[in-house]
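One structure below.
The values are calculated or read from the model by the stated rules, or taken from the named source; none is laboratory data. None of these values were measured; they are calculated from a predicted model. No Cβ is skipped: glycine too gets one built from the backbone with ideal geometry, and neighbour counts run over all protein chains shown.
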Amino acid sequence: MRILHSLTYFRPHYSGMTVYADRLARGLAARGHRVTVLTSRYHRSLPRFETRDGVQVRRVDVALRVSKGVLMPGFPYWAFRLAASHDVIHVHLPSLEAAGLSVIGRLLGKAVVATYQSDLLLPRSVVNWLASRVSTVANSVTVRAADVVTSMTRDFAEESRFLSRWLGKLAVVRPPIEVPRVPEERVTELRRLWGTAEPGDGGRPVIGMAARLATEKGAEVLARAMPEVLQRHPRTRVLYVGEHENVFGEEAYARRMAPILARLGDHWRFLGVLSPEDMAAFFRICNLTVLPSLNSTESFGMVQVESMVCGTPVVASDLPGVRFAVADTGMGLTVPPGDAAALARGILTVLERPQDFRGDPAAVAARYSPSRSAEQFEDLYRALLSGRRRRPT
């Protein structure tokens, strides 16, 4: 099959949506399909065309940015040209461009699939209010034109203000989770570099968090929970992975966080963005990881399953979709979002009773493998194409 994926940002941009689309595209290419990604050239240093791990990437120049969205005058040309030469159009939402591409796909008689990744919730301002309204309209046009809309869990779909209106078109596909193998020597090296020790040997307990330093991710909830954790385990340290400096649109949040983190001193350390191999080592070094997200911009939280695959339990927010992984695997606890005291209690429970949350990492890895996700989407594409061949012209 010839499969065209489209999303506003793609690798090397790092977000849950780009990671999801990248893993799925590579998984489909590995199964012998011709896969193309149509996306924005959000930075001038990026090539307009390249091939990454068997996936062809076409980037369209950006003329203007509006909030987190972009305007690409050349997008309609490439949307029509690529849609005409592919069998399946697969768009990832939220994305303004997906509306036009989905309609083009519909008019050309292609199979159209929309994956709804998360709700769009922007800080309050006139510009963001307008951007949210436009995004909702674009999403509605996209899903109406699509044959199927997919979500990572039904739990999130049923609770989403937008997606709950389209349950008649819903198909659920688990997200593709990929954790590379990492040599034990590298794990040991990073333990030394980051000032940690083997869990349970009297060293420093390590709490991990992997996210951009952004308002909706709940880093301040973890920071407020730390004093209670430190009362019982005074050597505990947080290792924070992800962008934390000059995060677009989050400058004010970073300024608010600065004095809170300063009070924690050496108990909080930023590691920046890590390679996939060092991320795997990071999960192995942590006693537990946390996902204290605050709202429906987090629809699943793939990092928590990456943590579980490495044998590390999770304390996550009790949010639709986010809570699914803990319930599915038994490898952790959920706590009310935004509740620092509850997060502290959850962390202490997992730190002090790790044997209760070990689960079966190998089974989790098999259940969420990229090849399994690619196979499920492949079956979905084939079913749609078969149905279209039976329709009269």
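At least 2 residues being within 29 Å of Val322 (Cβ to Cβ) and modelled with pLDDT of 95 or more is the threshold, and among the strands (runs of 3 or more DSSP E) wholly inside segment 1-99 those reaching it are 2-6, 34-41, 88-93. Screening Val103 against (1) within 24 Å of the chain's Cα centre (by Cα); (2) surrounded by fewer than 24 Cβ atoms within 10 Å (Cβ to Cβ) leaves a single unmet condition, (1). Residues of segment 295-322 that are buried (at least 19 other Cβ atoms within 10 Å of the Cβ) and touching a strand residue (DSSP E or B) at 6+ places or on another chain (Cβ under 7 Å): Gly301, Val303, Gln304, Ser307, Met308, Thr312, Pro313, Val314, Val315, Ala316, Ser317, Val322.
The listed residues are Val70, Val60, Val19, and the only one of them that is surrounded by 16 or more Cβ atoms within 10 Å (Cβ to Cβ) and out of contact with any strand residue (DSSP E or B) (no Cβ under 9 Å at 6 or more places or on another chain) turns out to be Val19. Trp166: surrounded by fewer than 24 Cβ atoms within 10 Å (Cβ to Cβ), farther than 23 Å from Trp78 by Cβ and modelled with pLDDT of 90 or more, yes or no? So Trp166 passes the test. Taking first residues from segment 341-370 that are at pLDDT 95 or above and partners that are of a type in the set (Phe, Trp, Tyr), the Cβ contacts under 8 Å between residues at least 6 apart in sequence or on separate chains come to Val350/Phe357. You will find that of Ala254, Ala211, Ala258, Ala219, the residue that is hydrophobic (A, V, I, L, M, F, W, C) and more than 25 Å from Gln117 (Cβ to Cβ) is Ala258 and no other. Filtering Val137, Val141, Val127 for residues that are modelled with pLDDT of 95 or more, over 24 Å from Val19 (Cα atoms) and not in a loop (DSSP other than H, G, I, E, B) leaves a single hit, Val141. When residues in segment 280-298 are screened for being within 27 Å of Leu120 (Cα to Cα) and not small (Gly, Ala, Ser), 8 of them pass. Within segment 81-104, being farther than 14 Å from Ser135 by Cβ and hydrophobic (A, V, I, L, M, F, W, C) holds for Leu82, Ala83, Ala84, Val88, Ile89, Leu101, Val103, Ile104.
Scanning segment 32-62 for residues that are touching a helix residue (DSSP H, G or I) at 6+ places or on another chain (Cβ under 9 Å) and either outside the structural domain of Gly74 (by TED's automatic domain parsing) or small (Gly, Ala, Ser) (or both) yields Ser40, Gly54. Tally up the residues in segment 77-99 that are over 26 Å from Pro175 (Cα atoms) and touching a helix residue (DSSP H, G or I) at 6+ places or on another chain (Cβ under 6 Å), please. Residues meeting the conditions: 1.
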